[in-house]
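Below is one structure; the comments refer to it alone.
The values are calculated or read from the model by the stated rules, or taken from the named source; none is laboratory data. Being a predicted model, the structure only gives us computed values, none of them experimental. Glycine gets a Cβ as well: all are built from the backbone with ideal geometry, and neighbour counts include every protein chain shown. Ligands, DNA and RNA are excluded from the accessible area calculation, which covers all protein heavy atoms including side chains. Shrake-Rupley method; radii C 1.70, N 1.55, O 1.52, S 1.80 Å.
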Amino acid sequence: SVAATAVVPMVALTFGTGVVQAATFDLIEATIPDIQLALDTGLITSGKLVQQYLNRIEAYDEQGPALNSIIQLNPNALETAKALDLERSQLAARGPLHGIPILLKDNIDTADLPTTAGALILDGSVPPDDAFLTQRLRDQGAIILGKTNLTEFASFVSVTFPNGFSVVGGQTLNPYGPGIFNVSGSSSGSAVAVAANLAPIAIGTETNGSILDPASSNSVVGLKPTVGLISRDGIIPISATQDTAGPITRTVEDAAILLGTLTGIDPNDPATAASAGLFFEDYTQFLNPDGLAGARLGVIRDPFISDFLAEDELLLVDQAFTDLERLGAEIIDVELPNLDELLALDASVLVYEFNTGIEAYLGSLGENAPAATLADIVAFNQANADIAIPFGQEVLAFSLAIGGDLTDPLYLEALERDVRVTATEGVDVLLEEFDLDALLYFDGIAAVSGAQSGYPSISVPAGYTESGQPLGLTFLNSAFTEPQLIELAYAYEQGTLLRVPPASTPAISAQVSVPESGSSKALLVVTLAVAGYQLRPRKLATD
């Protein structure tokens, strides 16, 4: 449930007999419940809230450290916010997302904004309708603040494309070490924007680590759901068997709130049929601060910890294990019987499914589609190579060469192998043999287990190295175990409270002026002092 106690330290209001004490709304680290309480008490409006985020975007995404996490802003965001303020005052809030700004990764369709995947050929391509999840968010009263940068085509152009780089959006930077620390990908912009308090929440997408990795690298919560829990309709695809969208937030509670608004059966995505009877519209019921008491957590130390983490990261791992045990969990060392096969898995399934999936997506764009086939994309990139593919396009070209025949025996063999190695002879075996509540991971290479099995995972901040580089702790379980994962992650988060906002994006001064005492119903009028920053977004989308 949404607990009012979560926001008491931030909002100090005293309504007595004719007395109103001044109060402030602290945008930094504000959660969905924090914002809703401030909106309900009149401490702020959605219009002013959006303006504050736009000011921060101007100050830190465009200027300052120039994080470059946002490809485009929604020019209608302020007007939408004001309309939702009026609706709240005259009727009621639609739900927990009413009046809350949200950013979408720029491979998720929005009928009023281009959806580019960061690719030059899709620059300016406006889809004919919203993605299923976009419409769900609008229906809940969320404000689409803009679209976030990503590793182009969700890391499916070239293996040499830097994490967080796209031709349309440029290079996204990690706010904890701009230009120093890895930003990870492909949902780089979504993770960075939330980490830097440029928006309270965002949506990312994952095929193989693209939510979990940037969440870990940028000290935010990333929830990669079971494939089929959230519709992929209207999302530029890579793999029909591995793709999913998911929440990127600063707290587990916000991830649980956001997840519940996105679930549901969608006839346009047959995979969602598997979630019938297994999804919830409210995952906050699983927020249990004692959720680690008695939990059995499996750890594959070799090679996922011993071989892939640096010495300063290993110190954080040891501390995480100590904290988990202090909170009541038992850490159990386990070994995968098929580890060699897991480490040898390749992307065969992806290169087959991308060919078919991208052409289906292009077909959904109608007569204004900038291309009809993958061959068109490859040819366009080659003709504009100096701009369109500065790091090559061997992954796109390889997928084109392989073709999209999903009856090909080689494809079917690869698909069966992936599920067998990661799920039936991998995660499933460990969970059952050791009676585990979850597996623990710290390094992105382990994401393959959840990715190719379609299983859910959640990453939670686990601290910072001596140099300030973030590290996340990831919990993994079998299909549709989001309730258990949320419970474990919430207990760890609340028992450690390790996340701190990045020093590169501090608060822009804000103050609240309150009318003189005399009425318990006095209005609280927010005035901003933004240190000279004006809203001049470089990447403001046009109508």
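Structure values in brief
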quantity: Exclusive hit being open to solvent by 10 Å² or more (accessible area, probe 1.4 Å) and among the β-branched types (Val, Ile, Thr), set Ile144, Ile180; calculated: Ile180
quantity: Selected residue (criterion: nearest to Ser449 (Cα to Cα)) from residues of region 404-436 that are in a loop (DSSP other than H, G, I, E, B) and modelled with pLDDT of 95 or more; calculated: Leu436
quantity: Residue within region 295-310 that is among the basic types (Lys, Arg), under 28 Å from the mean Cα position of the chain (by Cα) and at pLDDT 95 or above present; calculated: yes
quantity: Given (1) closer than 20 Å to Asn76 by Cβ; (2) outside any loop (DSSP other than H, G, I, E, B); (3) in contact (Cβ under 8 Å) with a residue 40 or more places away in the chain, index of the condition Asp129 fails; calculated: (2)
quantity: Where a residue in region 494-505 is touching a residue at least 12 places away in the same chain (Cβ under 8 Å) and its partner, wherever it lies, is hydroxyl-bearing (Ser, Thr, Tyr) and open to solvent by less than 60 Å² (accessible area, probe 1.4 Å), with Cβ under 6 Å and at least six apart; calculated: Arg499/Ser219; Pro502/Tyr176; Thr505/Tyr60
quantity: Which listed residue, of Leu173, Leu198, is in contact with a helix residue (DSSP H, G or I) (Cβ under 9 Å, 6 or more places away or on another chain), open to solvent by 10 Å² or more (accessible area, probe 1.4 Å) and at pLDDT 95 or above; calculated: Leu173
quantity: Number of the exception - Arg136 against (1) outside any loop (DSSP other than H, G, I, E, B); (2) open to solvent by 10 Å² or more (accessible area, probe 1.4 Å); (3) under 25 Å from Phe391 (Cβ atoms); (4) touching a Ser or Thr at 6+ places or on another chain (Cβ under 8 Å); calculated: (3)
quantity: Residue match in region 91-100 (condition: in a loop (DSSP other than H, G, I, E, B), farther than 24 Å from Asp254 by Cβ, open to solvent by 10 Å² or more (accessible area, probe 1.4 Å) and out of contact with any Gly (no Cβ under 7 Å at 6 or more places or on another chain)); calculated: yes
quantity: Members of region 277-311 that are part of a helix (DSSP H, G or I) and open to solvent by less than 60 Å² (accessible area, probe 1.4 Å); calculated: Thr284, Phe286
quantity: Region 405-433, residues that are of a type in the set (S, T, N, Q) and surrounded by 15 or more Cβ atoms within 10 Å (Cβ to Cβ); calculated: Thr422
quantity: Only one of Gly472, Gly450 that is crowded, with 24+ Cβ neighbours inside 10 Å, in contact with a Lys or Arg (Cβ under 9 Å, 6 or more places away or on another chain) and either of a type outside the set (Val, Ile, Thr) or part of a loop (DSSP other than H, G, I, E, B) (or both); calculated: Gly450
quantity: 2 or more residues surrounded by 15 or more Cβ atoms within 10 Å (Cβ to Cβ): qualifying helices (runs of 4 or more DSSP H) within region 340-389; calculated: 348-364, 374-383
quantity: Answer from Ser239, Ser219 - the residue that is of a type outside the set (D, E, K, R), buried (at least 24 other Cβ atoms within 10 Å of the Cβ), farther than 19 Å from Asp106 by Cα and touching a residue at least 24 places away in the same chain (Cβ under 8 Å); calculated: Ser219
quantity: Flag if Ala273 is open to solvent by 10 Å² or more (accessible area, probe 1.4 Å), within 30 Å of Leu113 (Cβ to Cβ) and in a helix (DSSP H, G or I); calculated: yes
quantity: Only listed residue being over 25 Å from Ala195 (Cα atoms), touching a residue at least 60 places away in the same chain (Cβ under 8 Å) and not polar (S, T, N, Q), chosen from Val427, Val421, Val460; calculated: Val421
quantity: Selection status of Val317, of a type in the set (Val, Ile, Thr), over 29 Å from the mean Cα position of the chain (by Cα) and either under 28 Å from Asp290 (Cβ atoms) or modelled with pLDDT of 95 or more (or both); calculated: no
quantity: Any chance Glu335 is surrounded by fewer than 16 Cβ atoms within 10 Å (Cβ to Cβ) and not in a helix (DSSP H, G or I); calculated: yes
quantity: Evaluation of Glu325 against (1) surrounded by 14 or more Cβ atoms within 10 Å (Cβ to Cβ); (2) of a type outside the set (A, V, I, L, M); (3) part of a helix (DSSP H, G or I) (one fails), failing number; calculated: (1)
quantity: Test result for Ile121, open to solvent by 40 Å² or more (accessible area, probe 1.4 Å), out of contact with any Gly (no Cβ under 7 Å at 6 or more places or on another chain), over 25 Å from Gln36 (Cβ atoms) and at pLDDT 95 or above; calculated: no
quantity: Some residue of region 58-65 being of a type outside the set (Ser, Thr, Tyr), within 22 Å of the chain's Cα centre (by Cα) and open to solvent by 20 Å² or more (accessible area, probe 1.4 Å); calculated: yes
quantity: Within region 34-44, tally of residues that are β-branched (Val, Ile, Thr) and buried (at least 22 other Cβ atoms within 10 Å of the Cβ); calculated: 2
